[in-house]
Each structure stands twice: as C-alpha cells, then as structure tokens.
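To keep things clear, I will list the structure first and then write my remarks on it.
We did not get these values from a lab; they are worked out from the coordinates using the rules stated. Predicted, not measured: the structure shown is a model, and the values here were computed from it. All Cβ positions, even for glycine, are placed from backbone atoms using ideal geometry, and neighbour counts span all protein chains on display.
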Amino acid sequence: MRKLSELERARLRWRARRGLLENDLIITRFLDQYEADLTDIDVSALTQLFEMGDNELLDVLLARGEVEGVYDTADIRRLVAQMQKL
C-alpha cells in the first residue's frame, strides 16, 4: 500500500479545513489517527466528502443526517462511520 507523501498529507489537511469549528475538530481528530493509513481510495472519498456544505457535513458527522446522492458511497459511509466513533 502506497503511503501519502508529505505534500499529499498537507494538501488533504488544507482541503479538510472547514468554516465550522466542529467540523474542523472532528476531521482533524480523524486525520490525526488515520492519516498514515489512508489509501488513494480513502483520499478520493474524503475529497468528495469535503465538497459537502458545512452544515450538511456537520449533520452527517454528528449522525443527525445521512450521506445522500453523490455522497452516498460505501467508501464515504465507511469513513464517516470512523469519524463518528472518535
């Protein structure tokens, strides 16, 4: 399995920055724990997830809503479940 380069990790963390502090905290905790083990598929799914609006993303991360539409993929659901457990 290929490891993310320093540049790829920096880009992912920059892309993960959100307008809501709560999203930042959840995503940062997730990246702190799992960043070294992320696959290209995970990074692709996270990049897609980060396209959600801040409020919609927060609802999903706090289990007040479900991923829907283009975001409803097995990879995104798996990563959201990991974030919800932290």
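Some observations on this one:
- Reported count of residues in region 29-66, each being under 12 Å from the mean Cα position of the chain (by Cα) and assigned to a loop (DSSP other than H, G, I, E, B), is 4.
- Output for region 38-67, where each listed residue is over 12 Å from L79 (Cα atoms) and charged (D, E, K, R): D40, E51, D54, E56, D59, R64, E66
- Within region 66-86, residues that are over 22 Å from L25 (Cβ atoms) sit with their Cβ atoms under 8 Å from residues that are among the β-branched types (V, I, T) and surrounded by 15 or more Cβ atoms within 10 Å (Cβ to Cβ), at 6+ positions apart or across chains, in these pairs: T73/V67.
Let's see how each residue does on (1) under 27 Å from K3 (Cα atoms); (2) among the β-branched types (V, I, T):
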position	(1), (2)
I27	yes, yes
F30	yes, no
Q33	yes, no
V43	yes, yes
G53	no, no
A63	no, no
K85	yes, no
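- Selection count where residues are out of contact with any helix residue (DSSP H, G or I) (no Cβ under 6 Å at 6 or more places or on another chain) and in a loop (DSSP other than H, G, I, E, B), scope region 67-86: 3
- Among residues of region 1-31, those that are exposed (fewer than 13 other Cβ atoms within 10 Å of the Cβ) and either in contact with a strand residue (DSSP E or B) (Cβ under 6 Å, 6 or more places away or on another chain) or closer than 11 Å to M83 by Cα (or both), counted: 1
- Extreme residue, surrounded by the fewest Cβ atoms within 10 Å (Cβ to Cβ), among residues of region 32-65 that are more than 17 Å from R11 (Cα to Cα) and in contact with a Leu (Cβ under 6 Å, 6 or more places away or on another chain): D54
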